[in-house]
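Novice: Below is the structure I would like to discuss, written out as structure tokens.
Only the coordinates and a few stated rules stand behind these numbers; no lab work does. Small disclaimer: the values here were computed from a predicted structure and weren't measured. Counting neighbours? That spans all protein chains shown, and the Cβs are built from the backbone with ideal geometry, glycine included.
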Amino acid sequence: MDLFEAMEKRRSVRDFDPARDVPIEMIEEILRCACLAPSAGNVQPWRFCVIRDRGLKEKLAEAALGQAFVASAPVVIVVCADLKAHAAAYGKRGVELYSIQDTAAAIQNLLLAATSLGLGSCWVGAFREGEAAAALGLEESLRPLAIIPLGYPRSSSRRANRMDHRRLTVYM
């Protein structure tokens with residue numbers, strides 16, 4: 001699947017096929033693609049926690065305000081920003097802005113790679129960070145920024161309507 005097709009097909013999937021696991025080779029390829037994202041000063045502040053353990057996925061679903069579909073995915077990837085890495089390079093601006101921008105770029109690559117491999121995913125940003133960090137045993141400098149459930153979609157989902165880019169663009 002080419003990039004443009006992956007962008008067109010990507011959807012937020014919340015219903016996963018429980019009978020199909022995600023091979024480790026696919027997870028590795030998805031994470032490799034995530035790491036191809038740009039980052040300020042090439043700091044590459046993203047860190048990935050790959051979770052298959054049912055109990056831990058349930059803790060993350062609870063941290064995600066009770067979004068049960070998080071626990072139903074065969075794999076959950078929690079994407080974190082290494083704040084210490086950006087603080088060393090860029091101080092406060094690195095911690096407050098660049099770490100989030102850089103990690104978001106990696107997340108988008110991850111989502112598109114998953115789509116290109118026929119997997120469904122959902123970018124979950126609504127969660128209690130402290131609860132997720134505690135469940136994962138993260139060190140203080142790692143900030144969880146997204147929970148990404150990942151698996152084969154059980155059914156096809158309709159893409160959310162998107163505004164026409166011409167309504168959102170000003171040429172000067």
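Novice: With +1 on the Cβ of every Lys and Arg and -1 on the Cβ of every Asp and Glu, and nothing else charged, how large is the dipole of the chain about its Cα centre, in debye rounded to the nearest 20? Present the calculation step by step, with values, prior to reporting the outcome.
Specialist: Values: 22 positive and 20 negative charges, 110 e Å.
Computed about the Cα centre, the dipole is about 520 debye.
Novice: Taking the Cα centre of the range 3-153 as the origin and placing charges on Cβ (Lys, Arg +1; Asp, Glu -1), which of Ile24, Gly130, Thr115 is farthest toward the positive end of the dipole?
Specialist: Working it through, the farthest residue towards the positive pole turns out to be Gly130.
Novice: Hey, another quick one. For the chain, what class follows from the C-alpha gyration tensor (a ≥ b ≥ c being the square roots of its eigenvalues): rounded when a/c is under 1.5, otherwise prolate if a/b is larger than b/c, else oblate?
Specialist: Cα axes put the chain in the oblate bin.
Novice: Can you give me the relative contact order of the range 3-153 as a percent, contacts being Cα pairs under 8 Å and 6 or more apart?
Specialist: Computed over the range 3-153, the figure is 37 percent.
Novice: Sort Val43, Val70 so the one with the fewest other Cβ atoms within 10 Å of its own Cβ comes first.
Specialist: On the way: Val43 17, Val70 25.
By the 10 Å Cβ count, ascending: Val43, Val70.
Novice: If you filter the range 55-128 for chymotrypsin sites (Phe, Trp or Tyr not before Pro), then keep DSSP loop positions with at most 12 other Cβ within 10 Å, what is left?
Specialist: Passing sites in the range 55-128 do not exist.
Novice: Moving on to the next point. Going by how many other beta carbons lie within 10 Å of each one, how would you line up His165, His86, fewest first?
Specialist: Listed from fewest to most nearby Cβ atoms, that is His165, His86.
Novice: Which of the GluC sites (Glu not before Pro) found in the range 67-137 are in a DSSP loop and have at most 16 neighbouring Cβ atoms, other than their own, within 10 Å?
Specialist: Working: sites: Glu96, Glu129, Glu131; in loops: none.
Sparse-neighbourhood loop GluC sites (Glu not before Pro): none present.
Novice: Could you check which residue among Asn42, Asn161, Asn109 shows the biggest mean-square fluctuation in a GNM of the chain with a 10 Å Cα cutoff?
Specialist: Highest fluctuation among the options: Asn161.
Novice: Which of the lysines could a cross-linker bridge to Lys92, judged by Cα under 24 Å and excluding same-chain residues fewer than eight apart?
Specialist: Hits, sequence-local ones excluded: Lys84.
Novice: Still on this structure: What value, in deg cm²/dmol to 500, does the helix sum -39500 (n - 2.57) over DSSP H runs of n ≥ 4 give at 222 nm once divided by the residues of the chain?
Specialist: -11500 deg cm²/dmol, from helical runs alone.
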